[in-house]
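This report refers to the structure that appears directly beneath it.
The values are calculated or read from the model by the stated rules, or taken from the named source; none is laboratory data. Model, not experiment: these values are computed from the prediction. Every residue, glycine among them, receives a Cβ derived from its backbone with ideal geometry; neighbour counts consider all protein chains shown. The accessibility values were calculated without ligands, DNA or RNA, using every heavy atom of the protein model including side chains. Shrake-Rupley method; radii C 1.70, N 1.55, O 1.52, S 1.80 Å.
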Amino acid sequence: MSEIVPPEVRPKPVVPAKPSHVAPPSGAPFLPSPQGTGGEGRGSALLGYIGIDTIIEQMRKKTMKTGFDFNIMVVGQSGLGKSTLVNTLFKSQVSRRSASWSRDDKIPKTVEIKSVSHVIEEGGVKMKLTVVDTPGFGDQINNDNCWAPISKYINEQYEKFLKEEVNIARKKRIPDTRVHCCLYFISPTGHSLRQLDIEFMKNLSRVVNIIPVIAKSDTLTLEEKIEFKQKVRKELEVCGIECYPQKEFDEDTEDKSDNDKIRETMPFAVVGSDKEYQVNGKRVLGRKTAWGVVEVENPNHCEFSLLRDFMIRSHLQDLKEVTHNIQYETYRARRLNDNGGLHPINSSGHDTQESNL
Amino acid sequence: MDNMMLQEKLVEKLLCPRTRTTRQKDKQYVGFATLPNQVHRKSVKKGFDFTLMVAGESGLGKSTLVNSLFLTDLYKDRKLLNAEERINQTVEITKHTVDIEEKGVKLKLTIVDTPGFGDAVNNNECWKPITDYIDQQFEQYFRDESGLNRKNILDNRVHCCLYFIPAFGHGLRPVDVEFMKALHEKVNIIPLISKADCLTPNEVKKLKDRVRDEIECFGIKVYQFPECDSDEEEEFKQMDKELKECTPFAVIGSNAVVEARGQRVRGRLYPWGIVEVENQSHCDFVKLRNMLIRSHMHDLKDVTCDVHYENYRAHCIQEMTSKLAQDNRTDSPLPILPLPTPDGETERLIKMKDEELKRMQEMLEKMQQQMHEKDQ
């Protein structure tokens, strides 16, 4: 079992937060001097211990009770190991394929959207994980606009959330089905991005957080990996595609340096596996071939652990925040502007003629 | 008694043909058993040529495999396009020719590459430039063959097409099926599973089974190895059987030489191990090379000439003659016999003539018999 890293201390928005981060990060003590020291310090010191810092603990307890929602979408051609990777990431059989292991699934003629939800629990923290799969993407001969159903789905989730938000009698906790993160699987050709990859990312990087990963990277040697990643990064830059973490949303220098480090190693070259083998006396997740065992969690072999740490252990909350504060807000602003007041596309009988602004 | 025995012996001698050849045993043998050697010497002098086409999406290791197969570097000056430049790229056909010599035998090897295949977002009919190219080569050979000077015909016909199926998928994709269906009657297709180093042995087996099933299910006629003659050695037959069960071959190619088990071999170096290209337990590269070059190169050429080219030729001629019949032209660009288009009137005439002939034959026979009887 992995040790739990407490979630970052930012409030979980039960009511929609304002886009501007004017409110100071809660939980950080106002004291310029280290907390807990009674009476000492420079300037406006407190004369005793108040206990403001216990808010961290309170938030933690609350979050544990309410639990998280996390929605992840996987996009890529069939056979790139999407389901296996998601299962490996969350160490349980959470993907669409886990129910039956039959590989006789035919390639669907159009892109379908299939979502599967599971509640997984760790250290008392419950997470409702929804994995949205997109079978049929990029598999046809003619793949024009195969990203249209995906784009439609994402916007539909935003629309759902918007409608709930705009209700007069709102629910206390709006069910969040918006896609927080989209893992895009790049085929490990070793040459460069395919046209389809670029088209997809161009169309969707402004709508959802895209994290590109290089799938089945055990087919690339170390040099090939480095070269391929450089090429991919360059191509993304040339085409003006901004993947998560987006440069424009870096809040301060600390964030920027952290994220820069991540951006240097993206896209992550991953290998997924749900089978365990014995290596050097330890049982590890891996793939056994005639020439060796590829260890999934060994950072020298592939970057799976980097991806997992990045996505789950450090930036999970940030992914949700960016989705809520930026992607969703963009959608909302556009919708409200377009209709000059909220006039929902599918009128559902609510009295929403007047704008709530 | 003696007289009868003598008579019998005489009869035997006259009737039994064997008596003649036993006399000839004393003479020297004729010597045409050296014919294969003469053919061999002549062909070695002339040299061989072989045209190989590689098709598949970019990034599947086609160039690396070709380099590994023929131990050359055919793609030294290749420049790979980046994604922006590739947006408007169509499927091209490029040719590289290299002369290889080994133990006095010269081989003129032509590799036909198809960059851009399957790379666009919309790949409708992306195999059309390839089928057009193959037809063009057939047409050119057809014209040359029917021309006046047939001494130096250049044979550019494609003898074999290696089709690369990515190991990442779950079997054949729609574009693979359509490509192979468009080409299986024009060229010998050998499907390969490329970049097989990302598969565990179990996965390789499953994928091969699946691809074989799908090929059969879609009715794709890939190149079949010819059956062994019944008088071949047992070892050869065993090898042949293994070869057939291994298709489609799962191959790995490499341009680099690495150190493995104390030897320098072609391979790929990973942090978790070294893949050796020529190690039979790692991949089927050796089998492919043996099949393609060492045992079946000539058969591939034969099948191309005898089956695919003849199909094309028959098809072409039929088209031309039907056109001729339509246009009623008496001069044709090629000296060919027009196929008789069945016509009701002519058929009737033919029948009448046939019957007349039969009657006359019967009359002749009767007369012959009468004469015979008269003689006797």
Query raised in the report: So A:THR177 fits all but one of (1) within 14 Å of chain B (Cβ to nearest Cβ); (2) in contact with a Phe, Trp or Tyr (Cβ under 9 Å, 6 or more places away or on another chain); (3) β-branched (Val, Ile, Thr); (4) touching a residue at least 24 places away in the same chain (Cβ under 8 Å); what number is the exception?
Result: (1)
Query raised in the report: Can you name the number of the only condition in (1) of a type outside the set (Gly, Ala, Ser); (2) outside any loop (DSSP other than H, G, I, E, B); (3) more than 14 Å from every other protein chain (Cβ to nearest Cβ); (4) crowded, with 23+ Cβ neighbours inside 10 Å that A:LYS163 fails?
Result: (4)
Report summary line: Of the residues in the range A:204-226, those that are in a helix (DSSP H, G or I), surrounded by 15 or more Cβ atoms within 10 Å (Cβ to Cβ) and without any contact (Cβ under 8 Å) to a residue 60 or more places away in the chain number 4
**Report entry** Matching residues, the range A:138-148, being surrounded by fewer than 16 Cβ atoms within 10 Å (Cβ to Cβ) and out of contact with any strand residue (DSSP E or B) (no Cβ under 6 Å at 6 or more places or on another chain)
**Finding:** A:ASN145, A:ALA148
Query raised in the report: Has the range B:147-168 got at least one residue that is without any contact (Cβ under 8 Å) to a residue 12 or more places away in the chain, part of a strand (DSSP E or B) and within 9 Å of chain A (Cβ to nearest Cβ)?
Result: no
Query raised in the report: Are any residues in the range B:122-145 crowded, with 19+ Cβ neighbours inside 10 Å and either within 14 Å of another protein chain (Cβ to nearest Cβ) or of a type in the set (Lys, Arg) (or both), and if so, which ones?
Result: B:ASN123, B:CYS126, B:TRP127
Query raised in the report: Scanning the range A:290-320 for residues that are buried (at least 16 other Cβ atoms within 10 Å of the Cβ) and over 21 Å from A:VAL213 (Cβ atoms), which turns out farthest from the other protein chains (Cβ to nearest Cβ)?
Result: A:VAL293
**Report entry** Residue satisfying all of: in the range A:107-137; more than 22 Å from the chain's Cα centre (by Cα) and open to solvent by less than 60 Å² (accessible area, probe 1.4 Å); nearest to the other protein chains (Cβ to nearest Cβ) among these
**Finding:** A:ILE107
Query raised in the report: If you go through the range A:61-92, how many residues are surrounded by fewer than 17 Cβ atoms within 10 Å (Cβ to Cβ) and either basic (Lys, Arg) or closer than 16 Å to A:ILE211 by Cα (or both)?
Result: 4
Requested in this report: Kindly indicate whether any position in the range B:178-186 is open to solvent by less than 10 Å² (accessible area, probe 1.4 Å) and away from chain A (no Cβ under 11 Å).
Outcome: yes
Requested in this report: Name the one entry in A:PRO149, A:PRO135 that is of a type outside the set (Ser, Thr, Tyr) and assigned to a helix (DSSP H, G or I).
Outcome: A:PRO149
Query - Among (1) at pLDDT below 85; (2) farther than 30 Å from B:PRO115 by Cβ - the single one A:LYS109 does not satisfy - result: (2)
**Report entry** Top-ranked residue in the range A:244-266 [being in contact (Cβ under 8 Å) with a residue 60 or more places away in the chain and open to solvent by 30 Å² or more (accessible area, probe 1.4 Å); ranked as nearest to A:LEU183 (Cα to Cα)]
**Finding:** A:PHE249
Query - Candidates B:GLN361, B:GLN368, B:GLN376 - the one that is open to solvent by 100 Å² or more (accessible area, probe 1.4 Å), farther than 26 Å from B:THR321 by Cβ, modelled with pLDDT under 80 and more than 46 Å from the chain's Cα centre (by Cα) - result: B:GLN376
